[in-house]
Each structure stands twice: as C-alpha cells, then as structure tokens.
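Trainee: Here it is, the structure in full.
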Amino acid sequence: MAAERSECRGYHVPVSATDELAEGASAAAVLELVDLRVPAEVAAVSIPLGSIAVDGVSLTVEARPDPVIVRVSLIPYTLQHTTLGERQVGDQVHLEGDLIGKFVAALVERRERAK
C-alpha cells in the first residue's frame, strides 16, 4: 500500500550515483536512528527533511547533530528488505547526496564566482 500524502516525510530524488563513502558512527535500536559520518561534500547538501541515498536506498535526513554527521531513520521494512539491515557500526556505505541540494550549491557557487 502506498503512503498517504500526509504520511510522506520528505522529497527524494536520488539518481543512483555514488558520491562518497560513509562509515556508520552509531545506531539507536529502539528509535532505529543511524548517524552517518559523511564527507564535507555530502554534508554540505544534507539538510533535515532532505534526502540522502545510502547503498542505493533513499532515506530522509532526520537531523544534522554535527557538521559531519547526518542522522537518518530506518523503518523495520527497510531494514528487512534492503542490505541496510545487515550493516554494522563501522561498515562503509555508498552515499548519494541530495540532488536538489547539489543544484542549489552549484547555483550559489556560480553566483559567487560571477561577483
């Protein structure tokens, strides 16, 4: 069954391209929250309620508790039906930063260079 519009938490536009690798930094089993230590390039385009693809799975960015940490939440279905359920703290994962964030960053950079 598809999610109702009111249940949707974010807008995801992954394009199936790996930008960088990240290492699992921590996990909270009860809330199923995972903090990913990400490279600066991915952190720069990651905002709460934006998207990030982890090993090809599009996830919502829940929070940015640190400049190099992106917090995502995983629902039981995702853990059971993707390889993310097999990951452990310290494993490396493939990352794709938020596509809209990348476009905005490129536009801002272009505008700054034009000044």
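The values are calculated or read from the model by the stated rules, or taken from the named source; none is laboratory data. This structure is a prediction, so every number in the text was calculated from the model and none was measured. All Cβ positions, even for glycine, are placed from backbone atoms using ideal geometry, and neighbour counts span all protein chains on display.
Trainee: Could you list, in sequence order, all residues of region 68-92 that are out of contact with any helix residue (DSSP H, G or I) (no Cβ under 6 Å at 6 or more places or on another chain) and exposed (fewer than 15 other Cβ atoms within 10 Å of the Cβ)?
Mentor: The answer is ILE75, PRO76, TYR77, GLN80, HIS81, THR83, GLU86, GLN88, VAL89, GLY90, ASP91, GLN92.
Trainee: Look through GLY90, GLY85, GLY101 and report the one residue that is farther than 13 Å from GLY24 by Cβ and either at pLDDT below 95 or not basic (Lys, Arg) (or both).
Mentor: Going through GLY90, GLY85, GLY101 in turn, the sole match is GLY101.
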